[in-house]
Amino acid sequence: MGTLVVQRFRQTHKKAPVELYLAAVPVADVIDRHRIDILTRDNPGGYQRAPESSRIRTIARYVIGGEGMLPTALLVNIRHGAWFEPAGTLLGLEGADALGVLHFQDDEPWWVEDGQHRTLGVKEAIEYLTDGKRLTRLNYDFPVVFCLNFSRSDEMDLFEIVNSKAKSVPTDLVASIIFTRVTEERASGEAGQVSLPALRKTAGVAVSHYLEHRQPWVGHIQGVNEPKDVTNMPMQANTFASTLLPLLRERWVHVRFLTRPDDQDFVELCRLVHLYWTVLADLMPDAFRDIAHYSVQRPIGVYAFHELLPEILDACRMEDDYSAESFKNKLLRLEEWVQSATWHRETGADIIKGSGNRAAIRVVVERMRTLYLPLLTGLPAEDAA
């Protein structure tokens, strides 16, 4: 059993009182016990970004150079088995409840919610100073704020608070955290507490997760903390989810797909979007076979085709026909915009050969919509002036 002398202080989180504990901890103890809950494909419930080597090296050089003061407290959670014993209990003193002893299991990890780069930077400094000799134990303490027995979900809360107030977090990681939180709340019967923007973001991320395991999107959606590969994986899950907002803002889509208690994972919506892209791939096999040289599966193409998706799906709804043939018949109205040659990055339409910025996307959408929307029939003729 390990112990630390700590000072207890109280704050409020989600309108409930919370106790936290401040201590000065030898850096070696933090390094030995720390864990980081990094989000990866093998750990989909994680919430931390992958450590950045450049930031770790910068901190290590800072410490080695002798300046090395890191006065900001690390935020650490001990998930299980830790408890606080006030000094008043130990010494028989009434009212001495701010100071005391933190008890924890020796083999229980310390989950670093904020401060992973400082921890790993000092660790690298120690390894550099050791240089194959006996391990150097720096005379160096970390200020640490401890949370006791918080769940992983509580850790996510604090991580989001710290990073939204203090420094930016990659948008794909934020989207993944929102997805995890909303999914948990919906599964627990707390769906009524989910905000509309968070619900839409979660539905969009769910679609991206569904598609990334199915053709034509396998290998083309970048996972959180995966190395960037703009050639083969030009879309992040968060970006893909954002492109679906025109569809997800539709009232009938909200009612039909986002709030169904019997479809917690938005599977019906995922299947429809997947079918849409399957039909597009059948219409433009060359463009989908060579993502490096075509832009259909890049932001300009994804944004454009998802802008049109609400109108196509609404027509399917009116006809009560969501078949591949129904999708195909509607997409064929787009003429050159469902031909591979149009989307070639070097020889295609001029607007496609540009940067793919918002202005270019708007132009493409306008041209597609002009072809897609039929003239209204049945209107009375205008009276002559």
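The values are calculated or read from the model by the stated rules, or taken from the named source; none is laboratory data. This one's a predicted model, so the numbers in the text were calculated from it and none came from an experiment. Here the Cβ is made from the backbone with ideal geometry for all residues, glycine too, and neighbour counts use every protein chain on show.
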Whichever residue in segment 216-226 is within 15 Å of the chain's Cα centre (by Cα) and assigned to a loop (DSSP other than H, G, I, E, B) and, among such residues, is surrounded by the fewest Cβ atoms within 10 Å (Cβ to Cβ): GLU226
Matching residues, segment 41-54, being in a loop (DSSP other than H, G, I, E, B), in contact with an Asp or Glu (Cβ under 8 Å, 6 or more places away or on another chain) and surrounded by 15 or more Cβ atoms within 10 Å (Cβ to Cβ): GLY46, TYR47
Failed condition for PRO374, given (1) under 23 Å from TRP252 (Cα atoms); (2) modelled with pLDDT of 95 or more; (3) of a type outside the set (Phe, Trp, Tyr): (2)
Search result, residues across segment 269-314 that are over 13 Å from TRP217 (Cβ atoms), among the hydroxyl-bearing types (Ser, Thr, Tyr) and in a helix (DSSP H, G or I): TYR303
Residue match in segment 137-152 (condition: in contact with a His (Cβ under 8 Å, 6 or more places away or on another chain), at pLDDT 80 or above and closer than 30 Å to HIS103 by Cα): yes
Residue list for segment 292-301, restricted to those being in contact (Cβ under 8 Å) with a residue 60 or more places away in the chain and surrounded by fewer than 22 Cβ atoms within 10 Å (Cβ to Cβ): ALA292, ARG298, PRO299
Members of segment 315-347 found to be free of Cβ contacts under 8 Å to residues at least 24 places away in the same chain and either in a loop (DSSP other than H, G, I, E, B) or not assigned by TED's automatic domain parsing to the domain that holds TRP277 (or both), listed by number: ASP320, ASP321, SER323, THR347
Qualifying residue in segment 325-334 (condition: acidic (Asp, Glu) and modelled with pLDDT under 95): no
Residue in segment 46-58 that is touching a helix residue (DSSP H, G or I) at 6+ places or on another chain (Cβ under 9 Å), modelled with pLDDT under 95 and aliphatic (A, V, I, L, M) present: yes
Qualifying residue in segment 183-199 (condition: assigned by TED's automatic domain parsing to the domain that holds VAL365, within 24 Å of CYS316 (Cβ to Cβ), of a type in the set (A, V, I, L, M) and crowded, with 19+ Cβ neighbours inside 10 Å): yes
